[in-house]
Amino acid sequence: MQDIIDKLSRLIRDAAAQKRPLCIRGGGTKDFYGGPVHGYKLNTGDYRGIVDYEPTELVITARAGTPLAEIEAALRQKGQMLAFEPPQFGEGSTLGGCVATGLSGPRRPYSGAVRDFVLGVRILDGKGDDLRFGGQVMKNVAGYDVSRLITGSLGTLGVLLEVSLKVLPLPVSETTLRLKCTEAEAIERMNRWAAQPLPITATAYRDGDLGVRLSGARVAVEAAAKKIGGAPVAPAQAEHFWTGIREQTDPSFAGDAPLWRLSVKSTTPPLALPGQQLIEWGGALRWLKSGADAKTVRDAATRAGGHATLFRGGDKTIGVFHPLPPALMKLHRNLKQAFDPAGILNPGRLYADL
Amino acid sequence: MTTMVQEAPVDLVRQHQVVTALRAFLPESSILFDHEDVKPYECDGLTAYRQVPMVVALPETEEQVCRILRTCHKMRVPVVARGAGTGLSGGALPLGNGVLLSLAKFMRIIEVDERARTARVQPGVRNLAISDAVAPLGLYYAPDPGSQIACSIGGNVAENSGGIHCLKYGITVHNILKLRIATIEGDILGIGADALDASGYDLLALMTGSEGMLGVVTEVTVRLLPKPEYAQVVMAAFDKIEKAGQAVADVIAAGIVPAGFEVMDQAATRAVEQLVKSGYRTDVAAVVLCEADGTREEVADDVRRVQHVMEKSGAVQTEVSRDEAQRLRFWAGRMAAFSAAGAISPDYYCMDGTIPRKRLGEVLRKITGLETKYGLRCANVFHAGDGNLHPLILYDANQPGELERTEAFGAEILELCLEVGGTITGEHGVGVEKINSMCVQFKSAELETFHRVKRAFDEHGLLNPGKAVPTLHRCAEYGRMHVHRGQEKFPDLPRF
Ligand SMILES: Cc1cc2nc3c(=O)[nH]c(=O)nc-3n(C[C@H](O)[C@H](O)[C@H](O)COP(=O)(O)OP(=O)(O)OC[C@H]3O[C@@H](n4cnc5c(N)ncnc54)[C@H](O)[C@@H]3O)c2cc1C
């Protein structure tokens, strides 16, 4: 395996010397995400395999090219899971892509995001140096938290080689309930429930239906189900529903209109934007299928204390990610410079000048 | 670590220049420079290191913080931020040629949003004051360091502090949403969002645990959680420390994530029982506390399972807290462990390594061996759930040579933690204290990356210089003095 690292490192060093951009790629399932990709393809898919997994430590370490499906299967066998429920968006999705995009699924507001579970990383920086940050233990404050900084940086700061993640036990039991209500009521309920000690692990609202997933000890789930009310959904149907949200195969994601991701304060009232919306994350995430112009969408997200991403489709030249204030942008450029002085790692994937 | 109890003479000309510049916008009461006025700031919770600052500034507004920083930046004066000064790694140790920037006057809870379950607070607000303020709403701020009555939320962010309930509810980084940061240039940055994520790099995570080296926190938005309906503690006694370690692993393996999971060895329980009557057995090798929380039904279920697992792992006795008073009494002892060490010994030195849980027994055995080697006693308490050890080395600074032996003992414990795949600090930070051990944990290229990150925020190295990340020169010196055990004995052991 070291030979693969040596090869990747050499490619990076050469590219840096010639200032030739590299496009880092795992399984290619998230090519659609972020700014336009260009440059010589640096494939990480060969650097794969689980390095270390000890269920009693609640930690798994795997190489970046390891398929997510392989990791999730290994965990399931031992009654554990990736609690941030990463979307795969197709076959061949890798751990590296999951961590680089930093995308989390329905459980996120209740368990945490990818970055909350990342314990350590091994990377090649923009000079081809093999570096390790963080570790395999639950708590570690030695040095700056580069592992979490790298998470979600879309490959612009380094090529991920290995990642250590905290894992959690699978819940013993799970129930999904369906309630009929308006959008405003759904937002109100999601927030009200979150203020109570209820074992909620996912919420989603679309077209008059509010889905709530409860997970945990059977007694706790049953007691909470009584409090929440609504109609229980059959397990297979529930599984289908949550997978549809996580993998965006749910009908509300269908159609040609661009898909926007608005990450907002959870109590934000219904957003008056044209197009179809799906709400998850207890009100903190609003998916919008809409041809509305970028400024309208972004202004709405800003007013709601958050930001808007042009997630799929649409005109990428307007910038996929929410523009940053100049002082923050300057800091981003400084950090990019610190990790990738030649500016060759996924240039333009996050922001045009990174 | 090399001991530093020194008083470099103050450069009076420089001091006068800085005081004059600060007087342009700060009231006289916010500037201290007389020896007796600045003396109380000479150290934080790590009292072995002392240095009086040249000037102490006590601003009251964010605008004043910015102007202080701008002034220091212009005059190239180093700045050390200070919260409550409870840090245990010398992070807030002043510089004799610098300004100590105290955030003590930033005591206001600005806003509590009950519906969104967030609180916007100033950096000097005490950790426990947040939970106290929102308790009537049935909410609380989860990270609960042992110092929670005293430490500030700004300091918590700077150290990424944890507490007893971290295993289930996370450390500081998992429980904050947004920060306002004053840069060394005196600009304000908004980092994070009211949403669950923000666009661009995760600067919120980078700032958390950055030990005051990247910016000064002037406001924190924390997440609040609903108070669990019910909680109970299982207290278990073990006749061998290894069995206690195994019990911890067994409970986790059974799919239980306890709300708190702590172990104390006999030296610790004996010290604690002299100070607080928690009801710990002092005739056994170790006492384990395991808390379950949730609905009553859930807790009953978990408690039964925990008890069963512990008994199978060889507990000689288990006891479940009968009521809330007893639950709190069980915890009171653990919370008082540091003070108890202070009560039975003139001085104590608290280590903070974190290791994979499965190596617990082995590491503790080796620490016992080191006690003999260094002729010093050590009481052990740890956040067993996350493998975070707090060996408390007992010493007397007035005995010649004891402090030096203590430091050598401590450094050896940290290298032991690295050997088994752990880290030198789980929650107390590197500060000045563990700066040499950073040379063992990280290689040059990694340390250089840290220095570049620092420069991205602070080009001239004015914010808390000399802390957290050693210069390569320093590591070369340290390398000459010490054998890099972690690197020479186990060259291919993954350090991460
Ligand atoms: C008895 C005792 C028990 C403890 N238990 C725990 C525990 O269980 N878990 C744990 O994690 N820690 C614990 N600690 C350590 C300590 O309380 C924490 O590190 C705490 O977060 C420090 O907060 P403070 O306000 O006292 O910070 P200080 O000691 O004043 O400063 C700590 C660091 O933060 C920086 N800083 C402070 N305020 C700011 C700001 N506004 N902006 C930027 N930088 C800033 C300082 O420069 C310094 O580097 C304990 C300490 C004691 C004495």
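With the requirement that a residue be within 25 Å of B:ASP250 (Cβ to Cβ) and modelled with pLDDT of 95 or more, what does region B:368-379 give you?
If the condition is that a residue be within 25 Å of B:ASP250 (Cβ to Cβ) and modelled with pLDDT of 95 or more, then B:ALA379 is the only one that fits.
Quick one: which strands (runs of 3 or more DSSP E) sit completely within region A:1-76 and have at least 3 residues that are crowded, with 18+ Cβ neighbours inside 10 Å and assigned by TED's automatic domain parsing to the domain that holds A:GLU162?
Hits in region A:1-76: A:22-25, A:59-63.
Among (1) at pLDDT 95 or above; (2) in contact with a helix residue (DSSP H, G or I) (Cβ under 8 Å, 6 or more places away or on another chain), where does B:SER147 come up short?
Failing condition for B:SER147: (1).
Being within 10 Å of the ligand (Cβ to nearest atom), among the hydrophobic types (A, V, I, L, M, F, W, C) and not in a loop (DSSP other than H, G, I, E, B) is the filter here, so list the residues in region B:144-188 that pass it.
Passing the criteria: B:ILE153, B:VAL157, B:ALA158, B:CYS166, B:LEU179, B:ILE181, B:ALA182.
Is it true that B:LEU88 is more than 21 Å from B:ILE181 (Cβ to Cβ), in contact with a Leu (Cβ under 7 Å, 6 or more places away or on another chain) and not in a strand (DSSP E or B)?
The answer is yes for B:LEU88.
Among (1) touching an Asp or Glu at 6+ places or on another chain (Cβ under 8 Å); (2) modelled with pLDDT of 95 or more; (3) not β-branched (Val, Ile, Thr), which single condition is B:ARG281 missing?
The single condition B:ARG281 does not satisfy is (1).
If I filter region B:218-254 down to residues being charged (D, E, K, R) and not in a helix (DSSP H, G or I), which single residue comes out as nearest to the other protein chains (Cβ to nearest Cβ)?
B:GLU229
If you scan region A:161-200, which residues turn out to be touching a residue at least 60 places away in the same chain (Cβ under 8 Å), of a type in the set (A, V, I, L, M), buried (at least 19 other Cβ atoms within 10 Å of the Cβ) and within 12 Å of chain B (Cβ to nearest Cβ)?
If the condition is that a residue be touching a residue at least 60 places away in the same chain (Cβ under 8 Å), of a type in the set (A, V, I, L, M), buried (at least 19 other Cβ atoms within 10 Å of the Cβ) and within 12 Å of chain B (Cβ to nearest Cβ), then A:LEU161, A:VAL163, A:VAL167, A:LEU168, A:ILE187, A:MET190, A:ALA194, A:ILE200 are the ones that fit.
Looking only at region B:398-420, count every residue that is modelled with pLDDT of 95 or more and either farther than 19 Å from B:LEU370 by Cβ or assigned by TED's automatic domain parsing to the domain that holds B:PRO94 (or both) and tell me the total.
The qualifying residues number 0.
Could you say whether any residue in region B:201-217 is assigned to a strand (DSSP E or B), within 14 Å of the ligand (Cβ to nearest atom), among the β-branched types (Val, Ile, Thr) and within 26 Å of B:PHE338 (Cβ to Cβ)?
yes
Does any residue in region B:91-105 that is away from chain A (no Cβ under 14 Å) come within less than 6 Å, Cβ to Cβ, of a residue that is within 11 Å of the ligand (Cβ to nearest atom) and assigned to a loop (DSSP other than H, G, I, E, B) six or more places away or on a different chain, and which pairs are these?
Qualifying pairs under 6 Å: B:ALA92/B:ASP44; B:ALA92/B:GLY85; B:LEU93/B:VAL432; B:LEU100/B:PRO94; B:LEU103/B:GLY83; B:LEU103/B:PRO123; B:LEU103/B:GLY124; B:ALA104/B:GLY124.
Quick one: B:HIS73 ticks every box in (1) more than 14 Å from chain A (Cβ to nearest Cβ); (2) away from the ligand (no atom under 16 Å from the Cβ); (3) not in a loop (DSSP other than H, G, I, E, B) bar one, so which box is it?
For B:HIS73, the exception is condition (2).
A quick yes/no check of all residues on (1) modelled with pLDDT under 95; (2) buried (at least 23 other Cβ atoms within 10 Å of the Cβ); (3) part of a helix (DSSP H, G or I); (4) touching a Pro at 6+ places or on another chain (Cβ under 8 Å):
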site	(1), (2), (3), (4)
A:GLY92	yes, no, no, yes
A:CYS98	no, yes, yes, yes
A:SER104	no, yes, no, yes
A:ARG122	no, yes, no, no
A:LYS127	no, no, no, yes
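Considering only residues of region B:290-304 that are within 11 Å of chain A (Cβ to nearest Cβ) and among the hydrophobic types (A, V, I, L, M, F, W, C), which is surrounded by the most Cβ atoms within 10 Å (Cβ to Cβ)?
Across region B:290-304, the extreme among qualifying residues is B:ALA292.
Taking the conditions exactly as written (within 13 Å of the ligand (Cβ to nearest atom), assigned by TED's automatic domain parsing to the domain that holds B:GLY215 and within 18 Å of B:GLN64 (Cβ to Cβ)), does B:GLY98 satisfy them or not?
no
Select from region B:431-472 the residues that are touching an Asp or Glu at 6+ places or on another chain (Cβ under 7 Å) and either basic (Lys, Arg) or within 16 Å of the ligand (Cβ to nearest atom) (or both) and list them in ascending order.
Once the filter is applied, which keeps residues that are touching an Asp or Glu at 6+ places or on another chain (Cβ under 7 Å) and either basic (Lys, Arg) or within 16 Å of the ligand (Cβ to nearest atom) (or both), region B:431-472 yields B:GLY431, B:ASN464, B:LYS467, B:ALA468.
Could you check region B:112-150 and list, in sequence order, the residues that are among the charged types (D, E, K, R), without any contact (Cβ under 8 Å) to a residue 60 or more places away in the chain and away from chain A (no Cβ under 11 Å)?
If the condition is that a residue be among the charged types (D, E, K, R), without any contact (Cβ under 8 Å) to a residue 60 or more places away in the chain and away from chain A (no Cβ under 11 Å), then B:ARG126, B:ASP132, B:ASP144 are the ones that fit.
May I ask you to list the residues in region B:418-432 that are facing chain A (nearest Cβ under 9 Å) and either more than 16 Å from the chain's Cα centre (by Cα) or assigned to a helix (DSSP H, G or I) (or both)?
Once the filter is applied, which keeps residues that are facing chain A (nearest Cβ under 9 Å) and either more than 16 Å from the chain's Cα centre (by Cα) or assigned to a helix (DSSP H, G or I) (or both), region B:418-432 yields B:GLY421, B:GLY422.
If I ask for residues that are within 12 Å of chain B (Cβ to nearest Cβ) and more than 29 Å from A:ARG213 (Cβ to Cβ), which ones from region A:35-60 would you list?
Within region A:35-60, A:VAL51, A:ASP52 qualify.
Kindly provide the set of residues from region A:264-314 that are touching a residue at least 12 places away in the same chain (Cβ under 8 Å) and charged (D, E, K, R), ordered by number.
A:LYS265, A:GLU280, A:ARG286, A:LYS289, A:ARG298, A:ARG312 - these are the residues of region A:264-314 that are touching a residue at least 12 places away in the same chain (Cβ under 8 Å) and charged (D, E, K, R).
Return only the number of the condition from (1) at pLDDT 95 or above; (2) surrounded by 21 or more Cβ atoms within 10 Å (Cβ to Cβ) that B:VAL316 does not satisfy.
(2)
Mind checking whether some residue in region A:267-284 is of a type in the set (D, E, K, R) and more than 17 Å from the chain's Cα centre (by Cα)?
no
Please tell me if B:VAL125 is under 26 Å from the mean Cα position of the chain (by Cα) and more than 11 Å from the ligand (Cβ to nearest atom).
no
Yes/no per residue for (1) of a type in the set (Ser, Thr, Tyr); (2) touching a Cys at 6+ places or on another chain (Cβ under 8 Å):
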| residue | (1), (2) |
| --- | --- |
| A:TYR40 | yes, yes |
| A:THR44 | yes, no |
| A:ILE50 | no, no |
| A:GLU57 | no, no |
| A:ALA64 | no, no |
| A:ALA83 | no, no |
| A:PRO87 | no, no |
| A:THR94 | yes, no |
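Residues of region A:305-342 being farther than 26 Å from A:GLY283 by Cα, out of contact with any Leu (no Cβ under 8 Å at 6 or more places or on another chain) and assigned to a loop (DSSP other than H, G, I, E, B), which ones?
The answer is A:ASP315, A:PRO341, A:ALA342.
Is it true that B:LEU376 is closer than 24 Å to B:LYS168 by Cβ and not assigned by TED's automatic domain parsing to the domain that holds B:CYS290?
no
From the residues in region B:171-217 that are among the acidic types (Asp, Glu) and within 7 Å of another protein chain (Cβ to nearest Cβ), which one is surrounded by the fewest Cβ atoms within 10 Å (Cβ to Cβ)?
Ranking the candidates gives B:ASP187 first.
The values are calculated or read from the model by the stated rules, or taken from the named source; none is laboratory data. Please read these numbers as outputs of a predicted model, since none were measured by experiment. With ideal geometry, Cβ positions are generated from the backbone for all residues, glycine too; neighbour counts draw on all protein chains shown.
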